[in-house]
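Asks: Pasting a structure here, questions to come.
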Amino acid sequence: MNILKLFYRNLTQGPSTVAFPFGPAWTPPKLRGRIRFDLPACTGCRACEQVCAPGAIRFDKTPEGLRFMMWHNSCVFCGLCNFYCPTDAIVQSDDWHLAHP
Ligand code: SF4
Ligand code: SF4
């Protein structure tokens, strides 16, 4: 595109970017985002752990019972855990805010 046309378009239409993180950011429909886990709904069948190819889910046996652990830095957001969970205890949300300390 001609640079003058581009300049004119940007001048008249405004920016197409968003003021992240200082404003609301658009989320595409059906975005595969952060995994959410609902402990009371979990039966401990461990199907999610079995189907997770990168090993982002792990259950450890503790004296209190099974402990759920999940690593979003290993997750590839395939959604298989969500698909195979019989009780919807694990669901894939459209939340893309993954940064944490
Ligand atoms: S598949 Fe669902 S019910 Fe089974 S262990 Fe995973 S979260 Fe719990
Ligand atoms: S979305 Fe895929 S990679 Fe991420 S935890 Fe679930 S099964 Fe594992």
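Asks: Note down the nm distance, to one decimal, between modelled labels 7 Å out along Cα→Cβ at residue 51 and at residue 71.
Replies: 2.2
Asks: I would also like to ask the following. Using Cα pairs under 8 angstrom and six or more residues apart, how large is the relative contact order of segment 1-80, in percent?
Replies: Details: 48 pairs, mean separation 17.6, N = 80.
22 percent.
Asks: By how many degrees, 0 to 90 and rounded to 10, does the Cα axis of helix 3-13 deviate from the longest principal axis of the chain?
Replies: Once rounded, the angle reads 70 degrees.
Asks: While we're here: Roughly speaking, what is the stretch gain from residue 30 to residue 58, that is 0.36 nm per residue apart minus the C-alpha to C-alpha distance, in nm to one decimal? All intermediate terms of the calculation are to be shown ahead of the outcome.
Replies: On the way: separation 28, 0.36 × 28 = 10.08 nm, distance 2.57 nm.
Net length gain for the segment: 7.5 nm.
Asks: 222 nm [θ] for the chain, helices only, -39500 (n - 2.57) per DSSP H run of 4+, per residue, to 500?
Replies: Values: 3 runs with 21 residues, N = 101.
Helix-only estimate at 222 nm: -5000 deg cm²/dmol.
Asks: Still on this structure: Could you please report the charge total around residue 94, scoring K, R as +1 and D, E as -1 over all other residues with beta-carbon less than 13 angstrom from its beta-carbon? Don't skip to the answer; put the middle values down first.
Replies: Details: positive: 30, 32, 34, 36; negative: 95.
Residues near residue 94 contribute +3 overall.
Asks: Right, another one. For the chain, list the cysteines whose Cβ sits under 4.7 Å from no other cysteine Cβ?
Replies: Those would be 42, 45, 52, 75, 78, 85, since no other cysteine Cβ in the chain comes under 4.7 Å of theirs.
Asks: Going highest first, how would you order 85-91, 25-31 by mean Cβ packing within 10 Å?
Replies: Highest-to-lowest ranking by the protection proxy: 85-91, 25-31.
Asks: With the other protein chains left in place, how much accessible area per residue, in square angstrom, belongs to the chain at a 1.4 angstrom probe?
Replies: Each residue of the chain exposes 78 Å² on average to a 1.4 Å probe.
Asks: Which net charge results when you count Lys and Arg as +1 and Asp and Glu as -1 among the other residues whose beta-carbon is under 14 Å from that of residue 59?
Replies: Surrounding charge for residue 59 is +1.
Asks: What percentage of the solvent-accessible surface of the chain, computed with a 1.4 Å probe over protein heavy atoms, is contributed by carbon and sulfur atoms? Don't jump to the answer; show the numbers that get you there.
Replies: Values: 4680 of 7870 Å².
Carbon and sulfur: 59 percent of the exposed surface of the chain.
Asks: When Lys and Arg each count +1 and Asp and Glu each count -1, what net charge do the other residues less than 13 Å away from residue 81, Cβ to Cβ, add up to?
Replies: Numbers: positive: 32, 34, 36, 46, 58; negative: 38, 49, 88.
Net local charge, residue 81 excluded: +2.
Asks: Oh, and also: Determine the relative contact order of segment 36-101: mean sequence separation of Cα pairs under 8 Å and six or more apart, normalised by residue count, in whole percent.
Replies: Working: 78 pairs, mean separation 25.3, N = 66.
For segment 36-101, the relative contact order is 38 percent.
The values are calculated or read from the model by the stated rules, or taken from the named source; none is laboratory data. Because the structure is a prediction, the values reported are computed rather than measured. All Cβ positions, glycine included, derive from the backbone under ideal geometry; neighbour counts span all protein chains shown. Ligands, DNA and RNA are excluded from the accessible area calculation, which covers all protein heavy atoms including side chains. Shrake-Rupley method; radii C 1.70, N 1.55, O 1.52, S 1.80 Å.
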